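Below you'll find the structure, written out as structure tokens, and then a few comments.
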Amino acid sequence: MPRYADIVLPLAQPAYTFALPEGVTVAGGEAVAVQFGRRRIYTGIVWRVHDRRPDFRTVKSVSRVLYGGMRLLSPEQMALWEWIASYYMCSLGEVMRVALPALMKPSGDTEEEFSDDEFRPRTECYVSLAAELRDEGRFHEICEKIERRAPKQYEALLELAAAGDETRIATGEVARRLLRADHAVLDALRRKKYVVCTRRERSVERGGAVFRLPELTAHQQTALESLRGQFAAGKTTALLQGVTGSGKTEIYIHLIAEVLARGGDVLLLVPEIALTAQLIERMERIFGSRVTPYHSKLTPRRRTETFLRLGRSEGGEFVVGARSAIFLPLKRLQLVVVDEEHDASYKQSDPAPRYNARDCAVVTARLFGGRTLLGSATPSLETWLNARSGKYGRAVLGERYGGARPPEVLISDTLRAARRGERHAHFNKLLLDRIGETLARGGQAMLFQNRRGFSPYVECTECGWTARCPHCNVTLTYHKGGEKLVCHYCGHTEGVPAKCPSCRVTDVVPVGFGTEKIEEEVARIFPGARVARLDRDSVTSERAFNAIVADFAARRTDILVGTQMITKGFDFEGVSLVGILNADNLLNNPDFRAAERAFQLMTQVAGRAGRRSEPGEVVIQTSEPGHPVIRQVASGDYEAMALAQLAEREAFFYPPYARLTALTLRHRDPMLLRRGVLELAARLRARFGRRVLGPMAPPVDRIRGEYLVGLLLKVESSASSARAREILAEELKSFSRQAEYKSVTVVVNVDPQ
DNA sequence: AGCACGCCGACT
DNA sequence: GTCGGCGTGCTC
């Protein structure tokens, strides 16, 4: 009987059907090499094996089976891929692109090109004590012998012997890279036959049976028990809401340890690399080498090793990773923890699949019959409402760790300060006074400005000309380092003109302000202070990031100026003052989530002030001191914010009461684009009525020489979202089939941030 | 995604 | 007269 396999290729295309040659057996979830097109060879994932002959003229055969026929994807992972493809309206191939590490999906024009790229595991040196030294008496004897003459070697022996269960893998070996002893010392020990070195494929085994669990406070204990109870009673998803410093992490740790002890797998999702590194370290202190990190800063090889190792694992795995870790091939997933679940970086906005890892976590856990814990100090309104309505379980941690008091929030009126002549540069007198006092006391301050660069743009003082990108409809951002103007959309860079190119009269000057400008000003006003900056421009690498953070933690800097980056989970003991330079640009974002975001951001920044020992101070500079969100931040009243915002969302029919799908149409000819969007809007209105909004011009309506226009679909949360997507897919298909609009690109973003 | 096919501008 | 630009459509 002829057999066929539907193969998913890493393309924005549906699966293709290939024949299975005589004697070749494959099953769903395995990887194969196939020839696609004239000569290109791709890695594909077998989705389904069947014997229905497709009605194409030529049916090509699968070239060979990869990874020795190992099943790369569990049935649950395949179900997740399918859910994502259907929910986010993309192809399985697009899911494949993010789900598999790059090295695992080689492609090439020739067989050599293809297989040369194929992953080969790297080896690593493992060290263990010689058999002789396993005997305690003999060990001490030798230690005594070398202690004086070779202190380094003695140290190394002790280190090796003392390496806890968490670094030692099952065979009693320790990876050399985990030892402090250097090459020469280990070599000497090896020559003396005190230690044995073996080279093997790295990180195949994971050790670590002993976890050092933190003690819980009474509040934490109550919350933990409550969550356990709710999970046991059948709630699949729960929210753990706890203010900054209340110790959510300790609760995660206890739940994680319980699952690992049962042999189940755990996935801990964290927003992004900045936070990832810190949390991974923290988890390694507890769980040792049980922790498997997975984030964008890993090398392609590491990612592949991790993927394959997990695929072969029998359970008891603990992965800490960023959003794409949701795709790792865990087989006994029992718990997914999503830390800072409200964080926007869980949603991938470009390219497809435009998935939200937090929502995928909930789906995945359900597929495995596992549980999801969503943690946040300031939950997204979607999650909060789900918890409130009883759809999700819920536990609240009200108190800061060790009874520390919340920071005192001072609201400083920018307009009033300006009227009184109490505004210098971008600082009100109040903030400057507090910074001065803080420095005098030897304390540290953090200043938050939600904007990168020296200042956003340059302007001619005479005629108002501003530098704009020739390819995108945006002003160019001014970066002082190098006197450059940069487009944040396409990367176009040019120099700052000496004279205004328009009126040729005067110089152009920087307008507005970003972190770089603030850094400069604060350094000028407080010449004695050591100032550093943390934003995407100053952080060129993980190393640079760590250096800036380490300097601040060690109090080698006094003031840290930064963007969002400084809001994320740092525990700096010395920070007693936090300044928010401009709350207005947070509040006035033209986005239905602006108020929620502003609250989350300001609350998070404020949480950086004053840990443990003394309460901190927060100064918020704003021209709207009476704004409800400012008041809610000042009083730390999340619920007031949530209730007020939910009322607005309900009134204006926004999430969580409606589901949004954003459509963006793109074309280089603006007239054709205009006709196209009107046509599509009309078609959609015929099906969805007033649920269709637009056409609307997006904030940036031209990128890389292409024009953009948006449509927004709002469907009641109570309605069937599957049906809505079905109708939308139908209409998009028939729209794109029209000859005139074939060249118009339509991007679908389900649940846009 | 890659690649071939096909129709309009600057070169030997 | 051709070489080559990239716009369009197809790949099991």
Exactly one condition in (1) without any contact (Cβ under 8 Å) to a residue 60 or more places away in the chain; (2) under 23 Å from the mean Cα position of the chain (by Cα); (3) not in a helix (DSSP H, G or I) is not met by A:VAL505; state its number.
(2)
Members of segment A:1-24 that are assigned to a strand (DSSP E or B) and more than 16 Å from A:SER91 (Cβ to Cβ)
A:TYR4, A:ALA5, A:PHE18, A:ALA19
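One line per residue, one yes/no per condition, for (1) buried (at least 18 other Cβ atoms within 10 Å of the Cβ); (2) within 35 Å of the chain's Cα centre (by Cα):
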position: A:ALA12; (1), (2): no, yes
position: A:LEU20; (1), (2): yes, no
position: A:ALA27; (1), (2): no, yes
position: A:ARG39; (1), (2): no, no
position: A:PRO54; (1), (2): no, no
Modelled with pLDDT under 95, out of contact with any Leu (no Cβ under 8 Å at 6 or more places or on another chain) and open to solvent by less than 20 Å² (accessible area, probe 1.4 Å), is that true of A:GLY311?
no
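Each row is one residue, and each column tells you yes or no for (1) at pLDDT 85 or above; (2) of a type in the set (Lys, Arg); (3) more than 40 Å from the chain's Cα centre (by Cα); (4) under 30 Å from A:ALA724 (Cα atoms).
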site: A:LEU103; (1), (2), (3), (4): yes, no, no, no
site: A:GLU124; (1), (2), (3), (4): no, no, no, no
site: A:ARG138; (1), (2), (3), (4): no, yes, yes, no
site: A:ARG149; (1), (2), (3), (4): no, yes, yes, no
site: A:GLU155; (1), (2), (3), (4): no, no, no, no
Could you tell me which residue of segment A:694-707 is modelled with the highest pLDDT, considering only residues that are within 15 Å of A:LEU680 (Cα to Cα) and surrounded by 15 or more Cβ atoms within 10 Å (Cβ to Cβ)?
A:PRO695
Regarding A:ARG38, is this residue within 16 Å of DNA strand B (Cβ to nearest atom) and at pLDDT below 90?
yes
Taking the residues in segment A:532-565 that are aliphatic (A, V, I, L, M) and more than 18 Å from A:LEU581 (Cβ to Cβ) as candidates, determine which candidate is farthest from the chain's Cα centre (by Cα).
A:ALA554
Residue, most open to solvent (accessible area, probe 1.4 Å), within segment A:522-545, restricted to residues that are at pLDDT below 85 and in contact with a helix residue (DSSP H, G or I) (Cβ under 6 Å, 6 or more places away or on another chain)
A:VAL539
From the options A:PHE592, A:PHE572, residue that is farther than 20 Å from A:ALA523 by Cβ, surrounded by fewer than 24 Cβ atoms within 10 Å (Cβ to Cβ), aromatic (Phe, Trp, Tyr) and in the same structural domain as A:GLY436 (by the TED database):
A:PHE592
Among the residues of segment A:144-157, what is the count of those that are open to solvent by less than 70 Å² (accessible area, probe 1.4 Å) and not small (Gly, Ala, Ser)?
5
Could you list, in sequence order, all residues of segment A:733-753 that are without any contact (Cβ under 8 Å) to a residue 40 or more places away in the chain and hydrophobic (A, V, I, L, M, F, W, C)?
A:ALA739
Looking at (1) within 16 Å of DNA strand C (Cβ to nearest atom); (2) surrounded by fewer than 20 Cβ atoms within 10 Å (Cβ to Cβ), find the lone condition where A:VAL8 falls short.
(2)
Odd one out for A:TYR16, checked against (1) within 17 Å of A:MET96 (Cα to Cα); (2) away from DNA strand B (no atom under 16 Å from the Cβ); (3) free of Cβ contacts under 8 Å to residues at least 40 places away in the same chain:
(2)
Filtered residues of segment A:41-70 (kept if of a type in the set (Ser, Thr, Tyr) and more than 13 Å from DNA strand B (Cβ to nearest atom)):
A:THR58, A:SER61, A:SER63, A:TYR67
Of the numbered conditions (1) open to solvent by less than 20 Å² (accessible area, probe 1.4 Å); (2) part of a loop (DSSP other than H, G, I, E, B); (3) more than 21 Å from A:ASP339 (Cβ to Cβ), A:PRO625 satisfies every one except a single condition; which is it?
(1)
A:LEU73 vs. criteria crowded, with 20+ Cβ neighbours inside 10 Å and within 15 Å of DNA strand B (Cβ to nearest atom)
no
Which one of these does A:ALA529 not meet: (1) of a type outside the set (Phe, Trp, Tyr); (2) touching a residue at least 12 places away in the same chain (Cβ under 8 Å); (3) in the same structural domain as A:ASP584 (by the TED database); (4) more than 24 Å from A:ASN582 (Cβ to Cβ)?
(4)
In segment A:638-753, which helices (runs of 4 or more DSSP H) lie fully inside it and hold 2 or more residues that are assigned by the TED database to the domain that holds A:MET602?
A:638-651
When residues of segment A:453-476 are filtered for being modelled with pLDDT of 75 or more and open to solvent by 20 Å² or more (accessible area, probe 1.4 Å), how many remain?
7
Are there any pairs with C-beta distances below 6 angstrom linking a residue in segment A:49-70 that is in contact (Cβ under 8 Å) with a residue 60 or more places away in the chain to a residue that is open to solvent by less than 40 Å² (accessible area, probe 1.4 Å) and away from DNA strand B (no atom under 16 Å from the Cβ), with the two at least 6 apart or on different chains, and if so which?
A:TYR67/A:ALA31
Can you say whether A:THR557 is open to solvent by 60 Å² or more (accessible area, probe 1.4 Å) and in the same structural domain as A:LEU447 (by the TED database), as far as the supplied structure shows?
no
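The values are calculated or read from the model by the stated rules, or taken from the named source; none is laboratory data. Note that the structure is predicted; figures quoted are calculated from it, not measured. Neighbour counts run over all protein chains shown; Cβ positions are idealised from the backbone, glycine included. Protein only, heavy atoms only, side chains kept; ligands, DNA and RNA dropped before computing areas. Shrake-Rupley method; radii C 1.70, N 1.55, O 1.52, S 1.80 Å.
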